[in-house]
Amino acid sequence: MKTLQLEPIHRSLEVATNTRLLDTLLAEQCPVMMACGGQGICATCHVYVAKGMESLSPLSQREERTLALITGARENSRLSCQCRVMGEGVEIVLPEGLYVESFNDLESLIGRRSKVPILHPRDGRILIQKGKIITRSSIMQLQDVDFSFSESDLAD
Ligand code: FES
């Protein structure tokens, strides 16, 4: 077993060695998703590693390539579907934001004030700023946004 710290929710966990990080985050109902099915080609499982990068499995080429496209990615970014907890002392910081997977998801938010940024699932760009009231007209401006993933995304 290995210890894992989740921030900013201040949760400390024991996880089995070699656990895929994303599985733990989903089990803990953290605000991450698996929009691409865990294939390393989207932004929805993106996290920051505050401590213990060396205790995670190494980056793959695909993960590096995807991280290069993600808005808000930093040197300590990882895709949680692509890394396994191998050692002690890992501290994960969850990025702020809510991912949407389709235009329909956006429509369902009309009339609400966004408490967090609403993010694109592929590259993590902000579709709706935090604090904005989500109106039909603001949503309609996003109707041409492409939410799909294609075979070419998987080419290494
Ligand atoms: S679930 Fe898509 S990159 Fe991790």
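Residues are listed down the side, and each one gets a yes or a no for (1) modelled with pLDDT of 95 or more; (2) touching a Gly at 6+ places or on another chain (Cβ under 8 Å); (3) within 30 Å of Asn18 (Cβ to Cβ):
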position: Val49; (1), (2), (3): yes, no, yes
position: Met53; (1), (2), (3): yes, no, yes
position: Leu59; (1), (2), (3): yes, no, yes
position: Glu63; (1), (2), (3): yes, yes, yes
position: Leu79; (1), (2), (3): yes, yes, yes
position: Glu91; (1), (2), (3): yes, yes, yes
position: Ile139; (1), (2), (3): no, no, no
position: Asp153; (1), (2), (3): no, no, yes
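Does Asn18 qualify as being among the polar types (S, T, N, Q) and without any contact (Cβ under 8 Å) to a residue 40 or more places away in the chain?
no
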Quick check on Leu106: is it crowded, with 18+ Cβ neighbours inside 10 Å, away from the ligand (no atom under 15 Å from the Cβ), outside the structural domain of His10 (by TED's automatic domain parsing) and among the hydrophobic types (A, V, I, L, M, F, W, C)? yes
Report those strands (runs of 3 or more DSSP E) wholly inside segment 8-81 carrying at least 1 residues which are more than 9 Å from the ligand (Cβ to nearest atom) and more than 29 Å from Ser102 (Cβ to Cβ). 11-15, 46-51
Which of the residues spanning segment 119-135 are without any contact (Cβ under 8 Å) to a residue 40 or more places away in the chain and closer than 13 Å to Pro95 by Cβ? Lys130
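The values are calculated or read from the model by the stated rules, or taken from the named source; none is laboratory data. These numbers come from a predicted model, not from an experiment. Don't worry about glycine lacking a Cβ; one is built from the backbone with ideal geometry, like all the others, and counts go over all protein chains shown.
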